[in-house]
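The values are calculated or read from the model by the stated rules, or taken from the named source; none is laboratory data. Just so we're clear, the structure is a prediction, and the values are computed from it rather than from any experiment. Methodologically, a virtual Cβ is constructed for each residue, glycine included, from the backbone with ideal geometry; neighbour enumeration extends over all protein chains shown.
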Amino acid sequence: MQPHTPAVRALAPGPAPVEYAVAVDRYLAGASLGAASRRVYRISLTSWAWPLVGRRPPPGPRRRGAMPPVVPLALLDRAGTPASLAAAVADRAAAADVRTVNRELSALRSAAGWWQEQGWISSDPTAGIRHVAGVAAPLPPLTGDQVTGLFGVTASLREQAFWRVLYDTTRSADGILRLDAGHLDLHGHRARTGAPGAWLQWGTGTSQLLGWLLAGRRFGPVFLTERKAPANAVAADICPVTGRARMSYRRAAEIFTVVTRPLDPAGQGWTLHQLRRARLAAGLAQAD
């Protein structure tokens, strides 16, 4: 199934933009997208600015705040642009999951189609590029030595606590990020889940890390962002003590991949799913 393409009003007022970034702004201004989706589309569309001038976007979290190159919109009509974009898609597919790559390509395809309707460009540079097919092969779980190396890296207390809970419980990263301080029983080394009588269990060391992280805080999300929550954030995702927001899965995954890149012989970094499966794989190996 291909990603959703937003409806956009037929005509844009004003003269044709010269810069790609301005064209992105004009497209998003007329797109029928919610605030969160609009933000995702902007990130996706901005990331294409680098390949359009023959460069790679910054990796991981650095991509969020990086200043994109100035790109003339006319470059989309250049003869070599489709080949450059196709190469960028292949390069992106080697480092990201299929759904992410196809979402980013769909964002550019939708915008380019609308720009073409406005007469700002004469052709669609994505027309010959297909969505990435299939499902990416699962990556192997981390080995015992890799897990030991991971827990020995210099990382924030938040990351170390989150990784330990993920490893100890083998539960989904998204579910762990949904934990609130009031769910935790640090003396019992556990946390309540949504099901009655169901608990997540972890080790003594993990409870110690969580205790340091919370520093006595008993309300709000356990794992918080570094910044204040945006104005449109849901109340349940805001810490009433600090005003900071619940950390998202996307942010947690980006941090993990960047931190583990030096540990990965391939130089690409590991995934949270690989860490989650590491404990399961170790248990199966001992059983054999």
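What to note about this one:
- Of the criteria (1) under 25 Å from GLU254 (Cβ atoms); (2) at pLDDT 90 or above, which one ASP77 fails: (1)
- Residues of the stretch 161-197 that are of a type in the set (S, T, N, Q) and more than 19 Å from the chain's Cα centre (by Cα): THR169, THR170, THR193.
- Checked against the criterion of being assigned by TED's automatic domain parsing to the domain that holds THR154, of a type in the set (Gly, Ala, Ser) and on the phi > 0 side of the Ramachandran plot, the stretch 233-243 has at least one qualifying residue.
- PRO51 being part of a helix (DSSP H, G or I), surrounded by 17 or more Cβ atoms within 10 Å (Cβ to Cβ) and at pLDDT below 90: yes
- Any chance ARG130 is within 30 Å of LEU45 (Cβ to Cβ) and either exposed (fewer than 13 other Cβ atoms within 10 Å of the Cβ) or over 24 Å from the mean Cα position of the chain (by Cα) (or both): yes
- Summed over the stretch 9-35, residues that are among the basic types (Lys, Arg) and modelled with pLDDT of 90 or more total 1.
- Filter pass, LEU108 being surrounded by 21 or more Cβ atoms within 10 Å (Cβ to Cβ), assigned to a loop (DSSP other than H, G, I, E, B), modelled with pLDDT of 90 or more and under 21 Å from the mean Cα position of the chain (by Cα): no
- Single residue of the stretch 228-245 satisfying the filter (not small (Gly, Ala, Ser) and not in a loop (DSSP other than H, G, I, E, B)) that is modelled with the lowest pLDDT: LYS228
- Among residues of the stretch 159-174 that are on the phi > 0 side of the Ramachandran plot, those with a Cβ under 7 angstrom from a residue that is of a type outside the set (Lys, Arg), sequence gap 6+ or separate chain, pair up as THR170/LEU280.
- Screening the candidates TRP163, TRP114 for the property of being assigned by TED's automatic domain parsing to the domain that holds ALA94, of a type in the set (Phe, Trp, Tyr) and either out of contact with any Asp or Glu (no Cβ under 7 Å at 6 or more places or on another chain) or part of a helix (DSSP H, G or I) (or both) yields one hit, TRP114.
- Residue under evaluation SER156, criteria (1) touching a residue at least 24 places away in the same chain (Cβ under 8 Å); (2) touching a helix residue (DSSP H, G or I) at 6+ places or on another chain (Cβ under 9 Å), criterion not met: (1)
- Unique match (being in contact with a Leu (Cβ under 7 Å, 6 or more places away or on another chain) and at pLDDT below 85) among ARG62, ARG38: ARG38
- Some residue of the stretch 210-232 being more than 30 Å from ALA35 (Cβ to Cβ), buried (at least 19 other Cβ atoms within 10 Å of the Cβ) and of a type outside the set (Asp, Glu): yes
- Taking the criterion of being under 19 Å from the mean Cα position of the chain (by Cα) and not basic (Lys, Arg), the residues of the stretch 238-258 that qualify are ALA245, MET247, SER248, TYR249, ALA252, ALA253, GLU254, ILE255, PHE256, THR257, VAL258.
- Criterion applied to THR148, THR143 was being more than 23 Å from the chain's Cα centre (by Cα), of a type in the set (Val, Ile, Thr), surrounded by 12 or more Cβ atoms within 10 Å (Cβ to Cβ) and within 30 Å of GLY211 (Cα to Cα), and the one residue passing it is THR143.
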